[in-house]
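Heads up: the structure comes next, in structure tokens.
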Amino acid sequence: MKAATIAMAVLLAALVAFALWRGGGSLQKGLLSGGKTFLNTLPLLVIAFAVAGLVQVLIPKEFIAKWLGAEAGFKGILIGSLAGGLTPGGPFVSFPIVASLYKAGASVGTVVAFVTAWSVWAVHRLPMEMGLVGPKLALARFATTLVVPPLAGLAAQAIFGKWL
């Protein structure tokens, strides 16, 4: 079992104990709420993991190595940044894709650039952001983060490229 799984199991056990101690149906209400969240998220999880699996099977490792691997250099980091910035959805969508790309041979720099761009660029979020805070502030936020994913990818490749 991985450390994250063990940590979540310990947290669950502590919360179950607290809910039982608190009483008032807290345990049942909490489990019901968690079950509803699981059922609402399940279709997205199935689709994301299917995409991740198909990426591993359908995209040849040679292609990944050439375009996203260490030999791709800065080009791979830029492609990873662009792909990450354009990937919609939450972590249930992006991280299975990231994991499959990494397992298929994408470099650590490309993967870090992807995750960073997904996090800070989030192009799919721009229309809502513009509507809520206005186009000037939204575009200022976006423009000031343009260099972050490529720089994060370069730093990750330089620091961890030989280890990972």
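The residue that is farthest from the chain's Cα centre (by Cα), among those in segment 107-134 that are closer than 16 Å to residue 85 by Cβ and among the small types (Gly, Ala, Ser), is 109.
Checking 77, 97, 64 one by one, the residue that is assigned by TED's automatic domain parsing to the domain that holds residue 148, more than 22 Å from residue 159 (Cβ to Cβ), touching a helix residue (DSSP H, G or I) at 6+ places or on another chain (Cβ under 6 Å) and not small (Gly, Ala, Ser) is 97 and no other. Within segment 61-85, residues that are over 13 Å from residue 118 (Cα atoms) have Cβ atoms under 8 Å from residues that are among the aromatic types (Phe, Trp, Tyr) and surrounded by 16 or more Cβ atoms within 10 Å (Cβ to Cβ) in these pairs: 75/67; 76/67, counting only partners at least 6 apart in sequence or on another chain. Across segment 47-69, the number of residues qualifying as exposed (fewer than 13 other Cβ atoms within 10 Å of the Cβ) and in a loop (DSSP other than H, G, I, E, B) comes to 1.
For segment 102-145, taking the residues that are more than 29 Å from residue 162 (Cα to Cα) and charged (D, E, K, R), the one that is surrounded by the most Cβ atoms within 10 Å (Cβ to Cβ) is identified as 129.
Among the residues of segment 88-101, those identified as over 8 Å from the mean Cα position of the chain (by Cα), surrounded by fewer than 19 Cβ atoms within 10 Å (Cβ to Cβ) and of a type outside the set (A, V, I, L, M) are 88, 89.
Checking each residue in segment 24-41 for being surrounded by 11 or more Cβ atoms within 10 Å (Cβ to Cβ), touching a helix residue (DSSP H, G or I) at 6+ places or on another chain (Cβ under 9 Å) and more than 21 Å from residue 96 (Cα to Cα) picks out 26, 27, 29, 30, 31. The listed residues are 11, 44, and the only one of them that is in a helix (DSSP H, G or I), at pLDDT below 95, of a type in the set (A, V, I, L, M) and loosely packed, with under 12 Cβ neighbours inside 10 Å turns out to be 11.
The values are calculated or read from the model by the stated rules, or taken from the named source; none is laboratory data. None of these values were measured; they are calculated from a predicted model. Using ideal geometry, Cβ is built from the backbone for each residue, glycine included, and neighbour counts are taken over all protein chains shown.
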